[in-house]
Every structure is written in C-alpha cells, then in structure tokens.
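> Quick one: the structure is below, questions incoming.
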Amino acid sequence: MRPHIAILGTALCAIAAPRAAAQNPPPPNRGPGRRMEILFKDITLTPAQQAKIDSIQSHYGEQMPSFNPGSPPDSATREKVRALFRHEVDDFRAVLTADQQSTFDRNLEAMRARRGRGS
C-alpha cells in the first residue's frame, strides 16, 4: 500500500503546484526592460534612433555596479546609480525629435510619480 501513497502524493503535488503558482504570480517585470518600455511608450523610433538608444543603454549598463541579492546597496552606490540614470535619460532625450521629447518627458514624469519621487 505504501507505494500507492507515494504515487498519490506525487500526483497531488503535480496538480497543486501549477494552481499555487497561478494564485501567487511572480512580481511585475522590473529592471531595464520595463524601464525602457515605460520611457519609450507611444514613441516610434527610427532604426537609426533605435541603434543609438541601444548603444546608450549598453554603455550605461556596463557602468552599473553589481548588486548582491538580499543586501541593499550603500548610499554611495545608490547615488552612483542615480547619477548614471540621470545621464542616461539625458542621452536618450538627445536622440529624440522635439515631438518625441515631449512624449518622453511625460513618460518620465509618470514613471517618477509612480515611484513616489515626484519630479
């Protein structure tokens, strides 16, 4: 009888695991991909602009300090990241046309407002 109990237990776990995952979805997408999606919402880039944006993102990504999961960065690291983000945003904006800049500025303000930092 015991082998049947083990098989039954395994089957129940296989059935319950997907259901538990559906009830506890992973946290929303965060990070550079999500940030770029928000910043460039409703902006259509030309291939040349996209290449420049990709290059800028790569350049700043290489300069980002690495983080240890579970331990918050110190104040110097946080300030370095903020400064890199400010410069990256300025460089992104320089690639855009005046109309695109208006949309970008609105997207940036919306992103900051969601994070509770205002302007």
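The values are calculated or read from the model by the stated rules, or taken from the named source; none is laboratory data. Since the model is a prediction, treat every value here as computed from it, not as a measurement. Methodologically, a virtual Cβ is constructed for each residue, glycine included, from the backbone with ideal geometry; neighbour enumeration extends over all protein chains shown. For the accessible areas, the whole protein counts, side chains as well, though only heavy atoms, and no ligand, DNA or RNA atoms are used. Shrake-Rupley method; radii C 1.70, N 1.55, O 1.52, S 1.80 Å.
> Classify the stretch 75-119: rounded, prolate or oblate, from the alpha-carbon gyration tensor (a ≥ b ≥ c, eigenvalue square roots; a/c under 1.5 rounded; otherwise prolate if a/b is larger than b/c)?
On the way: a/c = 4.64, a/b = 1.44, b/c = 3.23.
Because a/c hits 1.5 or more and a/b fails to exceed b/c, the stretch 75-119 counts as oblate.
> While we're on this one: Kindly state, to the nearest 0.05, the FRET efficiency for residue 48 paired with residue 102, given R0 = 22 Å and r defined as their beta-carbon distance. It would help to have the intermediate numbers written out before the result.
Working: r = 20 Å, r/R0 = 0.91.
Working from the Cβ atoms, E equals 0.65.
> Relative to the present Cα-Cα distance, how much length would full extension add between residue 79 and residue 66 at 0.36 nm per residue of separation? Walk me through the numbers before you get to the answer.
Working: separation 13, 0.36 × 13 = 4.68 nm, distance 1.38 nm.
Value of the extension gain: 3.3 nm.
> Shifting gears a bit: Put 111, 64 in order of accessible area, largest first, 1.4 Å probe: what do you get? Each step should come with its number before you reach the end.
Values: 111 10, 64 55 Å².
Result, largest first: 64, 111.
> Show me, for the stretch 32-48, the HN-Hα J-couplings you get by feeding each phi into the Karplus relation (A = 6.51, B = -1.76, C = 1.60, θ = phi - 60°), rounded to Hz, glycine and proline as x.
x, x, 5, 4, 5, 4, 5, 5, 9, 4, 6, 10, 9, 8, 6, x, 5
> Roughly what would the spin-label model give for residue 90 and residue 113, points 7 Å off Cα along C-beta, in nm?
For the pair residue 90/residue 113, the computed spacing is 2.6 nm.
> Could I ask something else about it? For the stretch 27-84, give the percent of accessible area contributed by carbon and sulfur heavy atoms, probe 1.4 Å, rounded to a whole number. Could the numbers behind the result be given before it?
Numbers: 2260 of 4130 Å².
Heavy-atom surface of the stretch 27-84 belonging to carbon and sulfur, 1.4 Å probe: 55 percent.
> Just the accessible area per residue of the stretch 45-119, please: how many Å² with a 1.4 Å probe?
67 Å²
> Put +1 on the Cβ of every Lys and Arg and -1 on every Asp and Glu Cβ in the stretch 46-119; which of 85, 63, 98 then has its Cα farthest towards the positive end of the dipole?
85
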